[in-house]
Amino acid sequence: SLSKKTASRNFLIYILTTAFVSVLLFPTSWSNPLYSFLQAFSEMSRYHWNGYNLYLGEYVPGGKAPWHYTFIWVIITTPILYTGLFFAGVFNAVRLFLKDSFDFYIKNRHIIMAVLLFFLPLAALIIYKSVLYGGWRQTFFIYPAFLLMGIYGLNFMIEKINLKNINFKKQMLRKKVI
């Protein structure tokens, strides 16, 4: 079991390592890494495109897509089972996080990363009102995180079913004993 101090140190090491590797892999950022990152982010979020998207039966300009555009595209193009398991995984993660956030962080860091890798890019699209075109193809990189949350949801559902079966079997045994 990790202490809060060790967990905080590991998180800081992760952030610093990620920043270092990001700068290392993009030589254009070497002279001024922070400015280069902000400049690239700004340019990518304001890409100019005059096209239209067919969305919910209407043609919407690429730069005027509603905030829920990508969420809807993910839901309507992903199998219903995967989507249901994703929502079960998110529900369970939020439930356990609210119950004991530090314990959840210690035991489920991979789940926290999956949630962040799924929702942070979508939040950035909404906040920066990015130009979107062609469904959610610009955000396909979030799909592995979506699937990971679906697997987590599947595990949660299996645990719930097994727990109910165990409780049912215990009740049946009690009735036979009485």
Practice problem: Once every Cα of region 49-144 carries one equal point scatterer and solvent is ignored, give the base-10 log of I(q)/I(0) from the Debye formula at q = 0.26 Å⁻¹, two decimals. | Solution: -1.36
Quiz item: So what is the accessible area of the chain per residue, in Å², with the probe set to 1.4 Å?
Solution: 73 Å²
Quiz item: Once the piece of chain linking Lys5 and Tyr35 is laid out straight, how much longer is it, given 0.36 nm per residue of separation minus the C-alpha distance between them?
Solution: 7.7 nm
Practice problem: Normalising by the residue count of region 1-120, find the relative contact order in percent from Cα pairs under 8 Å and 6+ residues apart. | Solution: 16 percent
Quiz item: Where does the chain land at 222 nm, in deg cm²/dmol rounded to the nearest 500, when only DSSP H runs of n ≥ 4 count, each adding -39500 (n - 2.57), divided by all residues?
Solution: -23500 deg cm²/dmol
Quiz item: Between His48, Ala88, Phe104, whose Cα lies farthest towards the positive end of the dipole of region 1-147 when Lys and Arg beta carbons carry +1 and Asp and Glu beta carbons carry -1, centred on the Cα centre?
Solution: Phe104
Quiz item: Of (1) -0.88, -1.03, -1.10; (2) -1.07, -1.21, -1.25; (3) -0.76, -1.00, -1.14, which is the value of log10 I(q)/I(0) by the Debye sum over Cα atoms at q = 0.15, 0.17, 0.18 Å⁻¹ derived from the coordinates here?
Solution: (2)
Practice problem: Pull up the cross-link candidates among the aspartates and glutamates for Lys5, meaning alpha carbon to alpha carbon under 19 Å and not fewer than 8 places away within one chain. | Solution: Asp100, Asp103
Self-check item: Accessible surface of the chain [probe 1.4 Å, protein heavy atoms]: carbon and sulfur percent
Solution: 70 percent
Exercise. Specify the inter-centroid distance of region 118-156 and region 1-23, based on alpha-carbon positions, in whole Å.
Key: 24 Å
Quiz item: Full extension from Leu56 to Ala19: what is 0.36 nm times the residue separation minus their Cα-Cα distance, to one decimal in nm?
Solution: 9.4 nm
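The values are calculated or read from the model by the stated rules, or taken from the named source; none is laboratory data. Just so we're clear, the structure is a prediction, and the values are computed from it rather than from any experiment. Neighbour counts are summed over all protein chains in view; Cβ atoms, including those assigned to glycine, are modelled from backbone coordinates with ideal geometry. These area figures cover heavy atoms from the full protein model, side chains too; ligands, DNA and RNA do not enter into them. Shrake-Rupley method; radii C 1.70, N 1.55, O 1.52, S 1.80 Å.
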